[in-house]
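The values are calculated or read from the model by the stated rules, or taken from the named source; none is laboratory data. As the structure is a prediction and not an experimental result, all values here were calculated from the model. With ideal geometry, Cβ positions are generated from the backbone for all residues, glycine too; neighbour counts draw on all protein chains shown.
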């Protein structure tokens, strides 16, 4: 199926950018929350691959993701315009500003690549009934803010701006087939049919809550909690709105928001609390998204390309474990994703491995 020009998502992104600039300036001039332990920031390495879920050297749909990121330590020393942006429009509808006792901000930058292929990677012919070959190479700029109140509740708000390229310039063919050559696996033969070069611009906002409202009882003598979150994204790459929650169980549960993900990067936090010894917990999560635009299914925005008819609703089930040893955190997530386009024969599965270091 060929896809033609669609400019709506770009216009939506411009409108949202304007809304941010006009949003209320809850600038967060409070002192940093004393409960937030100072740190020197974090470096995180992430990889996602269907190999981790199926333990087979096959490539199908979202087949590989890689990300390297840096996140600063907590600070309140930001320009006023960044503090204003940190508070989303209509912030007061979700938070009682009078109860906020502390605020802290972090900034970060990351380099990521995501690779997509159809199920059949042997043929060189265009495939019209499966998702097209595609790759996305981009830089992400993050503004993260945590606000807390005198009850011990906390809100994590994240603005993320993705700037990059989709198409041959994203080097998907070179990375995938180069790796296949190293491990002596057959090359993916259809990269000549991938999405064409196109700049990718995406803006997203996510809020996660850690609140006594969602307090859960102990189970088997272990602590539990629930962390809900909501997100919205606009751009020519991805436009969607969604929400989910993560349930955690362990001997002790840290005051963070769980492990992060690459695609589509919802839920979790790259920062974590270093431990004096060994700590761990298990988690399970559910997430749903209403998708208006997905370039990896809809095809190029400004040029003809292969495409498929996407499903407007997508859900994820996530199961995983986190281990923290000193200043190092290791997490693994097994993701089950519902069908993303009409004609997709079965759900997708992939694994996410994240290694983070506190500086």
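Being modelled with pLDDT under 95 and at negative phi holds for only one residue in 276, 301, and it is 276. Annotation: of all residues in segment 323-339 being surrounded by 20 or more Cβ atoms within 10 Å (Cβ to Cβ) and more than 17 Å from the chain's Cα centre (by Cα), the one that is nearest to residue 196 (Cα to Cα) is 329.
Given the condition closer than 30 Å to residue 199 by Cα and at pLDDT 90 or above, answer yes or no: does some residue in segment 248-259 qualify? Checked against the condition, which is being closer than 30 Å to residue 199 by Cα and at pLDDT 90 or above, segment 248-259 yields no hits at all. Scanning segment 272-288 for residues that are surrounded by 22 or more Cβ atoms within 10 Å (Cβ to Cβ) and assigned to a strand (DSSP E or B) turns up 281, 283, 285, 287.
Every condition in (1) modelled with pLDDT of 95 or more; (2) part of a strand (DSSP E or B); (3) within 21 Å of the chain's Cα centre (by Cα) holds for residue 296 except the one numbered (2). Whether any residue in segment 56-69 is in contact with a strand residue (DSSP E or B) (Cβ under 8 Å, 6 or more places away or on another chain) and modelled with pLDDT under 85 is what I want to check. For segment 56-69, residues in contact with a strand residue (DSSP E or B) (Cβ under 8 Å, 6 or more places away or on another chain) and modelled with pLDDT under 85: present. So, of the residues in segment 153-182 that are under 30 Å from residue 212 (Cβ atoms) and touching a helix residue (DSSP H, G or I) at 6+ places or on another chain (Cβ under 9 Å), which turns out to be surrounded by the most Cβ atoms within 10 Å (Cβ to Cβ)? Here the residue is 157. For segment 239-263, the set of residues classified as in a loop (DSSP other than H, G, I, E, B), touching a residue at least 24 places away in the same chain (Cβ under 8 Å) and buried (at least 17 other Cβ atoms within 10 Å of the Cβ) consists of 253, 254, 257, 258, 259, 260, 261, 262, 263, listed by residue number. Filtering segment 27-36 for residues that are over 16 Å from residue 144 (Cβ atoms), at pLDDT below 60 and touching a helix residue (DSSP H, G or I) at 6+ places or on another chain (Cβ under 8 Å) leaves a non-empty set. Being exposed (fewer than 15 other Cβ atoms within 10 Å of the Cβ), closer than 19 Å to residue 291 by Cα and in contact (Cβ under 8 Å) with a residue 24 or more places away in the chain is the filter here, so list the residues in segment 310-322 that pass it. Passing the criteria: only 313.
Within segment 70-104, the set of residues being part of a strand (DSSP E or B), modelled with pLDDT under 95 and either within 19 Å of the chain's Cα centre (by Cα) or exposed (fewer than 14 other Cβ atoms within 10 Å of the Cβ) (or both) comprises 75 only. Residue count for segment 150-185 under the criterion of being part of a loop (DSSP other than H, G, I, E, B) and either modelled with pLDDT of 90 or more or farther than 30 Å from residue 255 by Cα (or both): the result is 5.
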